[in-house]
Amino acid sequence: MASERGWLLAAGGRSCKRAALRAASGSALERTPLTEQRRNALSRTSRLSRKRDFARVFARPLRFHDRCFVVLCVPNSLAYPRIGLALSRRRVAQASQRNRIKRQVRESFRLQGHDLGGLDIVLLPQPQIARFDNPTLRASLTCHWSNLAIRCSRLSEASSAATRDS
């Protein structure tokens, strides 16, 4: 009973030996602090979450595609890009595969999305996307982000020229 309480205390109130060992050991099993994880996470403001935001992107998008994704984008009135994922069970049957793809998209956007300016972006998976490994997905996304950055700069130049002419 006393050793059981020791495990509970070491585990922070949980009765799991593995959690106790993780808490007791040093840096080998130590996780990143929660505050640092939140700081590195994709913020809520960087995501498309409302139906009307998705509808606006689907109405008149600029389209790019490759063997992994179809990317739809429209300019927004904000100074930063936002992303939405339309990843259905019909396209990717296994939840673990859907989650893997979503993680790759969010991480790639978090690292490279700052160059995109004010765009609303929706990513649609191609039917065979579950067959591709993570490096292939990341390479595809990097290519899409660079195409979008070029197009975004052209769109902003065109809109600034139009405002100067009027």
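Worth pointing out:
- If the condition is being of a type in the set (A, V, I, L, M) and at pLDDT 90 or above, then region 139-166 contributes Ala139, Leu141.
- Failed item in (1) out of contact with any Gly (no Cβ under 6 Å at 6 or more places or on another chain); (2) at pLDDT below 90; (3) surrounded by fewer than 21 Cβ atoms within 10 Å (Cβ to Cβ); (4) not in a helix (DSSP H, G or I), with Gln112 passing the rest: (4)
- Within region 115-131, the residues that satisfy the criterion of being crowded, with 19+ Cβ neighbours inside 10 Å, touching a residue at least 40 places away in the same chain (Cβ under 8 Å) and either of a type in the set (A, V, I, L, M) or farther than 20 Å from Ser49 by Cα (or both) are Leu119, Ile121, Val122, Leu123, Ile129.
- When Ile121 is tested against (1) touching a Gly at 6+ places or on another chain (Cβ under 9 Å); (2) at pLDDT below 90, just one condition goes unmet, and that condition is (2).
- Matching residues, region 109-125, being among the charged types (D, E, K, R) and over 10 Å from the mean Cα position of the chain (by Cα): Asp115, Asp120
- For the residues Val71, Val57, the requirement of being of a type in the set (A, V, I, L, M, F, W, C) and under 14 Å from Ile129 (Cα atoms) singles out Val71.
Residue-by-condition table, conditions (1) of a type in the set (Gly, Ala, Ser); (2) under 16 Å from the mean Cα position of the chain (by Cα); (3) assigned by TED's automatic domain parsing to the domain that holds Ser146:
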residue	(1), (2), (3)
Arg56	no, no, yes
Pro75	no, no, yes
Ala79	yes, no, yes
Arg82	no, yes, yes
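- In region 79-96, of all residues being of a type outside the set (A, V, I, L, M, F, W, C) and surrounded by fewer than 17 Cβ atoms within 10 Å (Cβ to Cβ), the one that is farthest from Gln128 (Cα to Cα) corresponds to Tyr80.
- Every pair of residues 6+ apart whose Cβ atoms lie under 6 Å, when the first sits in region 93-109 and is farther than 21 Å from Trp145 by Cβ while the second is part of a helix (DSSP H, G or I): Gln97/Ala130
The values are calculated or read from the model by the stated rules, or taken from the named source; none is laboratory data. Computed from a predicted model, the values in this text were never measured in an experiment. Cβ coordinates were reconstructed from backbone atoms using ideal geometry, including for glycine residues, and neighbour counts include every protein chain displayed.
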